[in-house]
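Heads up, the thing below is written out as structure tokens.
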Amino acid sequence: MRHQRKSRRFGRTTSHRLAMFRNMVTSLFLHERILTTLERAKELRRVAERLVTLGKRQDLAARRLASSRLRSSGHKEGKRMVQEETALRKLFSTLATRYEKRMGGYTRIIKAGRRLGDNADMAYIEMLPEERKPVAKKTKKSAKRPAKKTDSDK
């Protein structure tokens, strides 16, 4: 039984598990949809939704907290290593503005069958798209129906 257990451990040490979710949430923000096991997707949802809520705050403290929980990619320019935080930039610009009126539930999990090798349940986890405004239906003038024929009209 899992009484008083806050999260799944996945048979990994704490540092390995945190690194795994850091990589997965960075990929989720960059690609907006990833394929993983169902259990990992359920745990990743918790991590991703907390980060989107941080992104909606739009202050320096939130940016630093989010930066510590996301991976930055780097490349070399000569002898110098340049870090690019593309996932962080996308979180605070694109995703935060997309979900500014939404009070939670920024991700969706879609089951994708079972994996061939070990029969594990697979699922896509994706960021919800931008909400569309409902389009007002055009009202047509109703054509007058001919009056019902009565016995006297025949």
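The values are calculated or read from the model by the stated rules, or taken from the named source; none is laboratory data. Values in this document were obtained by computation on a predicted structure and should not be read as measured data. In this analysis, Cβ positions are derived from the backbone assuming ideal geometry, glycine residues included, and neighbour counts consider all displayed protein chains. Heavy atoms of the whole protein, side chains included, go into the accessibility calculation; ligands, DNA and RNA do not. Shrake-Rupley method; radii C 1.70, N 1.55, O 1.52, S 1.80 Å.
At a glance:
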{"quantity": "Candidate set from the stretch 59-71 (those that are closer than 30 Å to Ala120 by Cβ and not in a helix (DSSP H, G or I)); member that is most open to solvent (accessible area, probe 1.4 Å)", "calculated": "Arg71"}
{"quantity": "Given (1) crowded, with 18+ Cβ neighbours inside 10 Å; (2) small (Gly, Ala, Ser); (3) part of a loop (DSSP other than H, G, I, E, B), index of the condition Ala41 fails", "calculated": "(3)"}
{"quantity": "Number of the condition not met by Lys76 [criteria: (1) open to solvent by less than 80 Å² (accessible area, probe 1.4 Å); (2) farther than 25 Å from Met122 by Cβ]", "calculated": "(1)"}
{"quantity": "Among the candidates Lys111, Lys56, residue that is at pLDDT 95 or above, loosely packed, with under 12 Cβ neighbours inside 10 Å and in contact with a helix residue (DSSP H, G or I) (Cβ under 7 Å, 6 or more places away or on another chain)", "calculated": "Lys111"}
{"quantity": "The stretch 110-137, residues that are part of a strand (DSSP E or B) and within 21 Å of Leu70 (Cα to Cα)", "calculated": "Tyr124, Ile125, Glu126, Met127"}
{"quantity": "Cβ-Cβ under 8 Å pairs, at least 6 apart or on other chains, the stretch 87-105 side open to solvent by 10 Å² or more (accessible area, probe 1.4 Å), far side aromatic (Phe, Trp, Tyr) and assigned to a helix (DSSP H, G or I)", "calculated": "Lys90/Phe29"}
{"quantity": "Subset of the stretch 11-38 (residues that are in a loop (DSSP other than H, G, I, E, B) and touching a residue at least 40 places away in the same chain (Cβ under 8 Å))", "calculated": "Glu32"}
{"quantity": "Selected residue [in contact (Cβ under 8 Å) with a residue 12 or more places away in the chain, loosely packed, with under 14 Cβ neighbours inside 10 Å and over 17 Å from Thr107 (Cα atoms)] from Arg2, Arg8", "calculated": "Arg8"}
